[in-house]
Amino acid sequence: MSFQKFVQEAAYKVAPFKPNRFAKISEREDKCAIPVPAWRALLANRDLFTWKGIPFLKGCTEIALYSMLLYELRPKTIIEIGALSGGSAIWLADHLELFQIEGCVYCIDIDLSLLDEKAKTDSRVHFLEGDCNNMGAIMSPELLSGLAHPWLIVEDAHANVVGVVEYFHENGLKSGDYLIVEDTNKTMWELDREELDRDDLDEQELIEKGEQKLAELKSWLMLHENEYLIDTYYQDMYGYNGSRNWNSILKRVEKNF
């Protein structure tokens, strides 16, 4: 194959031109092309990964996918639910800067005392403390109405998932915006359960919530499958559901019947 033909074929396959790129949840299966042994290796040292010295718990597949999505979407507003040490929020802000996107990053957590000092002093990220069981008290509808689109909403708190998704659905998500629900990979939670210290009640509760994420999201999506489509270009980049986020890279579209 000539280099010119290779480039032409590669260009045809890029995101905007992928045939049948967007799928309804009813058209998808709860499975993953990456085998369990590979997930063991991918997850083994996830707690050691950092960004600018700050703990950063996104997986290698997600890092690649987010970078491409950010460049394509060029979000004016990013809202991340779940901050931990702030590494992910800083990484997102760095990408907006790298891609010369004029946008802002909001990051929500119930306990901001865990933020790394470097994250606390980064003026590009608005860290908001609050309980995602009461999203209206953290980001009011009035605040959301003033935020520029397109949006990228990232749910990574593993608490009140449907409530969080519903809140943004009712208060501002528009056609063209993206919503990603993290860690819906059932295999990941099953492997975590294998390693669970039975005396660690907090970890046990987290795993139990995590194991329900995909089912809860799927039930919600079935009610809104004409409004939120799975972007299979990113979802299946590394094989069917080849990431820690199964069937949960979603694009808001105009409702049609």
Candidate set: the stretch 10-32, residues that are modelled with pLDDT under 60 and small (G, A, S); chosen: the one surrounded by the most Cβ atoms within 10 Å (Cβ to Cβ): A15
Sole exception among (1) within 13 Å of L152 (Cβ to Cβ); (2) in contact with a Gly (Cβ under 7 Å, 6 or more places away or on another chain) for L115, by number: (1)
Unmet requirement for G163, which otherwise passes all of (1) farther than 20 Å from D109 by Cβ; (2) at pLDDT 90 or above: (1)
Which numbered condition Q212 misses (of (1) of a type outside the set (K, R); (2) more than 29 Å from P141 (Cβ to Cβ); (3) at pLDDT 80 or above): (2)
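The values are calculated or read from the model by the stated rules, or taken from the named source; none is laboratory data. Nothing here was measured: the structure is a model prediction, and the numbers come from that model. Methodologically, a virtual Cβ is constructed for each residue, glycine included, from the backbone with ideal geometry; neighbour enumeration extends over all protein chains shown.
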